[in-house]
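Asks: This structure is in structure tokens; I'll ask about it shortly.
The values are calculated or read from the model by the stated rules, or taken from the named source; none is laboratory data. Here the structure is a predicted model, which is why all the values come from computation and not from measurement. Cβ sites come from the backbone with ideal geometry, for glycine too, and all protein chains shown count toward neighbours. What goes into the accessible areas is simple: the full protein's heavy atoms, side chains included, and nothing from ligands, DNA or RNA. Shrake-Rupley method; radii C 1.70, N 1.55, O 1.52, S 1.80 Å.
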Amino acid sequence: MPAFPYQVGFSRLSCAFCIFGNADQFATLKWMDANRFARLVNYEKEFGCTIKRDRGLEQLASEGAVYHAARSRPDLVAACLSAQSIPSVLTED
């Protein structure tokens, strides 16, 4: 079973707000975790630099679309944001 973030639509697992993320990833993260997104936008303003050289988080997110799987599977979104560890999935193979 793929990890929950892959099931939601993310193409890689690393820091949620990874500097290598694309517009769709940031649009999805803004939709999924608006409070954390807003804190990072405030950090950009406070420190005078952006996560991407040519645009900030707000612009980047506005250029993307929320992953369909995230919108249609609130249970997966909740699992992605949970502090609980993901149980191991083992098969006989």
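Asks: Counting heavy atoms of the protein chains only and a 1.4 Å probe, report the per residue accessible area for the chain as a whole number of Å².
Replies: 70
Asks: On to the next question. Restricting to Cα pairs below 8 Å that are 6+ residues apart, what does the relative contact order work out to for the chain? Please round to a whole percent.
Replies: 40
Asks: Please give the helix 34-47 orientation as an angle from the longest Cα principal axis of the chain, in degrees from 0 to 90, rounded to the nearest 10.
Replies: 40
Asks: In degrees between 0 and 90, to the nearest 10, how far off the longest principal axis of the chain does helix 23-32 point, with axes built from Cα atoms?
Replies: 70
Asks: Take the Cα atoms of the chain, build their convex hull, and give its volume per residue in Å³.
Replies: About 105 Å³ per residue, rounded to a whole number.
Asks: Given the peptides 41-53, 58-70, 24-36, arrange them by the average over their residues of other C-beta atoms within 10 Å, most packed first. Working shown, then result.
Replies: Details: 41-53: 12.3, 58-70: 16.8, 24-36: 19.2.
Listed from highest to lowest mean packing, they are 24-36, 58-70, 41-53.
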